[in-house]
Structure formats: structure tokens, C-alpha cells
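The values are calculated or read from the model by the stated rules, or taken from the named source; none is laboratory data. Keep in mind that this is a model prediction, so the values were computed, not measured. Cβ atoms come from the backbone with ideal geometry, glycine included; neighbour counts cover every protein chain shown. We work out accessible area using only protein heavy atoms, side chains counted, and drop any ligands, DNA or RNA first. Shrake-Rupley method; radii C 1.70, N 1.55, O 1.52, S 1.80 Å.
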Amino acid sequence: MQRTDKMLRAGLSIIAISIAVSGMGLASCGRKEPAPAVTAYKGQTLRVSAQTIDDVKPLAATLTTRQTGEATARVSGILTSLKVREGDMVKQGQVIGFVQDQRLNLQTGAYDQAAVAAEAQANLARAALKRTQTLFDKGIYAQAKLDQDKAAADAAEANARAARAQTSASGEAARQGTILAPAGGRIIHATVPVGSVVMAGQSVATVTAGARVVRIELPEAQAAALSLGQNVPLDANGVRSTGVISEIYPSVTAGQVVADVTPQGLENAVIGQKVTAYVGVGQRPAIVLPRTYVATRYGLDYVRLVQKNGAVMETTVQTAPTGDPQRLEILGGLIAGDAVAPYGASQGAAR
């Protein structure tokens, strides 16, 4: 009995301790910690607002020349020499290669021998006419004999002239194997190796002609916004430049209108290089921020959004180029009325 009372008192003590500990835990859970103080941003801010900007469309363009000339073979034969390579400068009419057709050389030799034979026949006919004329003057030959020898001499002379002309024509055909530069400029293609068989009219080299231009193509529905003298920002593999539209072609091909932009600062660029042209095709409302207000990390663009309580929070935004490297268009992530803070800006009065 005494032992039972001791066990009962020990159990009650344990229950009392458990209730006390539970009470302390509940009291601890119910106590509210003080909220950390928010430090208001007092630096420079920019109020986001929609503004009217030029609707700039990036287009894939090609750096080329206003005209190109093809140095072609005028006769068929073997390309025996090619004196230029890609990148060489040539003058109009400069000899850059030669095509030889052995048949023309043999033909010219045959015609030359025929001309020699015809000339000999003409000399013989002239001598016979001279003797006949002498005998006619002495009354030995009749007029008919003199007329016959005159006709024979004229015919022989005509045959000699025809043979000489044929020889000259054959020689000129052989000389047509000379390949001339069609215009002054730079060789951009000369890929036919020496020793190749070429046909008449086949291009052996391509020569630039005229000023360099960036050729763009634009859908005909948007081409109405183009105008001569319009400024066009250009980007040639990181090389920034500008140009003006110098020509708009009056025809439409496959729904595209072609225009030429005369660039500045692309003298060292390679002909045929791809260039991005930022062409304005009208105006539209948009949110635009200076580049200093946008940070790019790991392929994502961030801005520092200033909340109403003054706290600064980074948020991601969608951006697009505007043609001006110092400004970016905000496609999503901000609305008009938001306040943003620049990256790395010095502290100043809020505005």
C-alpha cells in the first residue's frame, strides 16, 4: 500500500512537469518576433512610362556591290593561265587569263597556207596579164584574149584577198581566248583551276563594280515606310555602323521589295558578309529603358524594381533591341508607373 502511494505521487509529478513544459512551449509559440526594419531606397529612380518609338525591324542583309561583272571565256578550250586570285584589284580591260583552243591554231595555219597559195595564183595571173597587154599593144593578141586575162587576174586577186581575210578572222578567233576584266574592282571569285576545260560564255572570275551597298529585302506591305535618305543602323558581326537608303528598286519579287543601303565604316568588311540592318517601318507605343537600368546574367535580363515601401527587388524582364545600343525595349515584366533603379548608379535625390 505504501509502495502504491509512492508510485502515484511520482506519476503526478511527471504529469505536472509535462504540463509546465507544454505551457512554456505554447507561450513561446505565441510570442511575435519584431519585423526587420525596411531600408527605403533613396537613390536615383526612373518612372516607367510608355512612349512612341520608331518600329524598328531587324533584317538579315548582305554586304555586296551595286554591280558585279563576270569575266567570261569567249571561246571554248583549255584554261592555260589565270593571273588573279580572290581579293586582287584589277583595272577594266586588264588581261587576267587565257583560253587556248588548239583547233583554232591549226585552222589558222591552214588558212595561212591557203592565203599564200592564193597570193601565188594572183601573182601568176598578174604576170600573164602583163604579157598579154604587151602583145596586145603590138597587135598580136586580140581584145578577147586581153579581156580573158584581165578577168583571170581580177579573180585571182579576189581569191587572195578572201584567203587573207579568212586567215585574219581565224587569227582573231584564236585571240578571243584572252580573258579581260569587265570592270575595275576587286576579284571576289576565281575558282576555275588552270588546265580546266571551259566553254564559251563560262564565267572564270567575278569582279565587283561600283560602290559597296548593304542589300535588304522587306515585305511589300511594310516597304511603304521606306524612303530615300532614311538612316539605317547596321551591325556587321559586332561592328556597328550606319547607312542611308540610297536606292529602292521599283519591282516586287516573291512579295519582297529590295533596297540598297550605302554604309559608312564597312570598308574592311568582306563582300558577301551577313549584316543585320535595323529598318524603321513606322511608329508604335513601347516601354524603353536606358541600358544602364538592365543587367544581363546567364541569359536573363533583370531590372531593379523599387516597391512602394522603398524596398528594391530584382525582377526578370523580356527585352528587345531598338537599334540604339544604349536603349532596350521592355516587352514584359514592367508596366507603366513602375519605378526602377539603375545598376551601379551613384546615390542621389529621388525623382
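When Rg and Dmax of the Cα atoms in Å is computed from the coordinates, the matching label among (i) 19.5, 60; (ii) 46.6, 194; (iii) 18.9, 56 is (ii). Relative contact order, whole percent, for the range 132-284 stands at 17, derived from Cα pairs under 8 Å and 6 or more residues apart.
Extension gain for Gln176-Ala117 works out to 18.6 nm (0.36 nm per residue, less the C-alpha to C-alpha distance). Expressed as a whole percentage, what fraction of the accessible surface of the chain belongs to carbon and sulfur atoms when a 1.4 Å probe is rolled over the protein heavy atoms? Solvent-exposed carbon and sulfur of the chain make up 56 percent of the total.
In the chain, a dipole from Cβ-located charges (positive for Lys and Arg, negative for Asp and Glu) runs towards its positive end, and of Gly185, Val244, Ala120 it is Val244 whose Cα lies farthest in that direction.
Near the amide H of Gln230, within less than 5 Å, lie the amide hydrogens of Ile245, all on another chain or at least 5 residues away, with H placed in the peptide plane.
Which lysines, if any, have their Cα less than 18 Å from the Cα of Lys42, not counting same-chain residues under 8 positions apart? Once the sequence-local lysines are set aside, what remains near Lys42 is Lys308. The calculated FRET efficiency for Gln148 paired with Gln100, based on their beta-carbon distance and R0 = 41 Å, is about 0.30.
Extension gain, Ser49 to Leu331: 0.36 nm times the residue separation minus the Cα-Cα distance gives 100.2 nm.
With all protein chains kept in place, the per residue accessible area of the chain amounts to 61 square angstrom at a probe of 1.4 angstrom. Rounded to the nearest 20 debye, the dipole size of the chain about its Cα centre is 1280 debye, using +1 on the Cβ of Lys and Arg and -1 on the Cβ of Asp and Glu.
Taking amide H atoms as placed 1.01 Å from N in the peptide plane, the amide H of Gln92 lies under 5 Å from those of Gly184, each 5 or more residues away in sequence or on another chain. Using R0 = 22 Å, the C-beta based FRET efficiency linking Asn268 and Gln92 works out to 0.40. For the chain, averaging the sequence separation of C-alpha pairs within contact (under 8 Å, six or more residues apart) and dividing by the residue count gives a relative contact order of 27 percent.
In the elastic network of the chain, a GNM with C-alpha springs shorter than 10 Å, the most mobile of Val197, Val48, Val116 is Val116. Once the Cβ-Cβ distance of Asn231 and Ala211 is raised to the sixth power relative to R0 = 22 Å, the FRET efficiency obtained is 0.80. GNM on the chain, alpha-carbon springs under 10 angstrom: the most fluctuating residue among Tyr298, Tyr278, Tyr111 is Tyr298.
Summary of packing: across the peptides 315-322, 92-99, the per-residue average of other C-beta atoms within 10 Å ranks them, highest first, as 92-99, 315-322.
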